[in-house]
1. So what J values fall out for the stretch 103-113 if you push phi through Karplus, 6.51 cos²θ - 1.76 cosθ + 1.60 with θ = phi - 60°, rounded to Hz, Gly and Pro as x?
2. Using only the Cα atoms of the stretch 37-142, what are the Rg and Dmax in Å?
3. Quote the relative contact order of the stretch 37-142 in percent (integer), defining contacts as alpha-carbon pairs under 8 Å separated by 6+ residues.
4. Full extension from Thr119 to Val80: what is 0.36 nm times the residue separation minus their Cα-Cα distance, to one decimal in nm?
5. Once R0 is set to 25 Å, what does the formula 1/(1 + (r/R0)^6) return for the Cβ-Cβ distance between Ala54 and Leu91, expressed as a FRET efficiency to the nearest 0.05?
6. Please rank Glu94, Glu68, fewest neighbouring Cβ atoms within 10 Å first, as an exposure proxy.
Amino acid sequence: MLEEAEDKAARASVEGRQLRTGVIRCPPKPYNVNRQPLIIIETPYSGDVEANTAYARYCLLDSLRRGEAPIASHLLHTQVLDDMRPDERSLGIEAALAWYRVATKCVVYSDRGISAGMTMGIDRAMQHDVAVEYRSIENRAAA
C-alpha cells in the first residue's frame, strides 16, 4: 500500500503535479514540459561488453530520434560501478529498477537477445503497470 502511494506521488511529480493530502495541484513550470514519454531502454550489457555498449548507444539514439526521453542506466551506472563486483552490480540494478516508478514505457531492444538483467527490468515494468514494447534496430534499418 505504501509503495503504491509512493509510486503515485513519483509519477505525479514527473508529470509536473504535486500531491498534498490527496489534492493534486499543478505548479507553474512542470518538470517534463515537453511531455516526452519517459522511456527505460533495456539492452544486454554483460558478455561482449564492447559490442553491447555500442548497440545500447545506437538504441538510445533510436529512442531519442523517436521523440522520447530515454534512460539506459546500464550505460550510465557502469561508468562509476564495476559490473564484475556483485555488490556494485546489485547497487546499479536496484537504482535502475527504481526508475520504473516514473517510466512511461519499457523498450526492449531484442536484436542481441534478452539477458537476465533485461528480464528483471521487464518483470519490474509489469509490476508497476509500465507498458513493455519490443523493438529491433535491424528491422528498422531494413525498412
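1. So the J values, rounded to whole Hz, are 5, 7, 7, 9, 10, 9, 8, 10, 4, 9, x.
2. For the stretch 37-142, the Cα radius of gyration and maximum Cα-Cα distance read 12.8, 41 Å.
3. Working: 144 pairs, mean separation 35.7, N = 106.
Taking the mean separation of contacting Cα pairs over the length of the stretch 37-142, I get 34 percent.
4. Length gained, Thr119 through Val80: 11.7 nm.
5. Details: r = 24 Å, r/R0 = 0.98.
Calculated value: 0.55.
6. Values: Glu94 10, Glu68 18.
Taking fewest neighbouring Cβ atoms as first place, the list is Glu94, Glu68.
Every read-out reported here was derived from the displayed coordinates using simple, explicitly stated rules and does not represent laboratory data. Predicted, not measured: the structure shown is a model, and the values here were computed from it. Cβ sites come from the backbone with ideal geometry, for glycine too, and all protein chains shown count toward neighbours.
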